[in-house]
Amino acid sequence: MIRSFFASLVLALGIGAPASLASPVEPQGGEVIAFDVFRGNSSFGTHEVRFEREGEELVATISVRLRAGLGPVTVFRYEHDATERWRDGELVAKTARTLKDGNTYRVEARRNGDGLEVEGVLPDRTPHEAEFPLDVTPSSHWRGYDVTLDSILNTEHGDAMEVVITDYGMEEIEADGTTIQARRIRLEGTLTVDLWYDENGYWAGCEFEARGQQIRYVRRANPATS
């Protein structure tokens, strides 16, 4: 039960599942989107996205660390590290490493002419290759997603993922040590996941239920002002 719970869980963490936002934000160098992640009322880990500018490229570095235990015994550990390189709003390169259920999965993506060549490993450990358009949207959440999308790049395995996205408009959520106005996006797929984006377009929150457990992201500070 623990394994099946977390196999579904990672699809909602901005790794294997999408969010939605019509106008992607372009962060400045030095900005950070950082979340504390909770499972019920217990600390579950962290999810951070750090941004730097290197010439014409925006570099996003993603780090996810999740852990659940029974007392001092760790029963689940999940790690995801990725680097995305963006130029003129297009994804031109990406590397990712994911540790899940004791297995390691890697994704390598690079621009080749008018397309993005991707190499990855499927959940059954089968290596595969695919090609995506340069305007493909990866499942890393921070840019948001157009509500008309029906497929995105799964950054955990490097394959295409079918999606359905609904925009519910603005509402109030807990973030940045206070309450803020943010747009709620609902993803209906393997799980039903709610994601929020603030008035500046930055990823601001995430919440969903998996096998009776409520998972919640709380953003530490507004990246546009910190």
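At 1.4 Å probe radius, can you tell me the per residue accessible area of the chain in Å²?
Working: 10410 Å² over 226 residues.
Per-residue value: 46 Å².
With no solvent and one equal point scatterer per Cα, compute the Debye intensity ratio I(q)/I(0) for segment 131-226 at 0.21, 0.24 Å⁻¹ and report its log10, rounded to two decimals.
-1.13, -1.32
For segment 104-211, what does the relative contact order come out to in percent, with C-alpha contacts under 8 Å and a separation of six or more?
Numbers: 213 pairs, mean separation 17.9, N = 108.
That works out to 17 percent.
Using a simple charge model, +1 on the beta-carbon of Lys and Arg, -1 on the beta-carbon of Asp and Glu, nothing else, what dipole does the chain show about its Cα centre, in debye to the nearest 20? Walk me through the numbers before you get to the answer.
Details: 24 positive and 38 negative charges, 219 e Å.
The dipole of the chain has a size of about 1060 debye.
Given labels modelled 7 Å from the Cα in the Cβ direction, how far is it in nm from ARG65 to GLN214?
Taking the two extended label points, one gets 2.7 nm.
If you stretched the chain out fully between THR46 and THR83, how much longer would it get, using 0.36 nm times the residue separation minus the C-alpha to C-alpha distance?
11.6 nm
Report the full-extension gain for the segment VAL32 to HIS128: residue separation times 0.36 nm, less the Cα-Cα distance, to one decimal in nm. Each step should come with its number before you reach the end.
On the way: separation 96, 0.36 × 96 = 34.56 nm, distance 3.24 nm.
So the extension gain works out to 31.3 nm.
What Kirkwood Rh does segment 116-160 have if only Cα atoms enter the pairwise 1/r average? Answer in Å. Spell out each step's value before the answer.
Working: mean 1/r = 0.0895 Å⁻¹.
Hydrodynamic radius (Kirkwood, Cα only) of segment 116-160 equals 11.2 Å.
Give the carbon-plus-sulfur fraction of the accessible surface of segment 87-226 in %, rounded to a whole number; probe 1.4 Å, heavy atoms of protein chains only. Present the calculation step by step, with values, prior to reporting the outcome.
On the way: 2660 of 6660 Å².
C and S atoms contribute 40 percent here.
Report the percentage of all Cα-Cα pairs in segment 74-208 whose separation exceeds 17 Å, rounded to a whole percent.
64 percent
Helix-derived [θ] at 222 nm for the chain: sum -39500 (n - 2.57) over DSSP H runs of at least 4, divide by residue count, nearest 500? Before the final figure, lay out the partial values.
Working: 1 runs with 8 residues, N = 226.
Calculated at 222 nm, the ellipticity per residue is -1000 deg cm²/dmol.
Considering only the other residues whose Cβ falls under 14 Å of the Cβ of ARG220, what net charge follows from Lys and Arg at +1 and Asp and Glu at -1? Let's see the in-between values first.
Values: positive: ARG50, ARG216, ARG219; negative: GLU31, ASP36, GLU48, GLU174, ASP176, ASP198.
Net charge in that neighbourhood comes out at -3.
Quick one: accessible surface of ASP159, probe radius 1.4 Å, all protein chains present, in square angstrom to the nearest 10.
Ignoring ligands and nucleic acids, ASP159 comes out at about 40 Å².
What are the equivalent ellipsoid semi-axes of the chain, built from the alpha-carbon gyration tensor (square roots of five times its eigenvalues), in whole angstrom, biggest first?
Value: 24, 22, 17 Å, ordered largest first.
Based on alpha-carbon centroids, what's the gap between segment 77-99 and segment 164-213 in Å, whole number please?
One Cα centre to the other: 22 Å.
Put a dot 7 Å past each Cα toward the Cβ at MET170 and LEU99; how far apart are the dots in nm?
For LEU99 paired with MET170, the spin-label model returns 4.2 nm.
Quick one: P(r) of segment 31-120 from all Cα-Cα pairs, 5 Å bins, percents rounded to integers, in order of increasing distance.
3, 12, 19, 19, 17, 13, 9, 5, 3, 1, 0
The values are calculated or read from the model by the stated rules, or taken from the named source; none is laboratory data. In this text, all values refer to a predicted model and were calculated from it rather than measured experimentally. Cβ coordinates were reconstructed from backbone atoms using ideal geometry, including for glycine residues, and neighbour counts include every protein chain displayed. Side chains included, ligands, DNA and RNA excluded: accessible areas come from the protein's heavy atoms. Shrake-Rupley method; radii C 1.70, N 1.55, O 1.52, S 1.80 Å.
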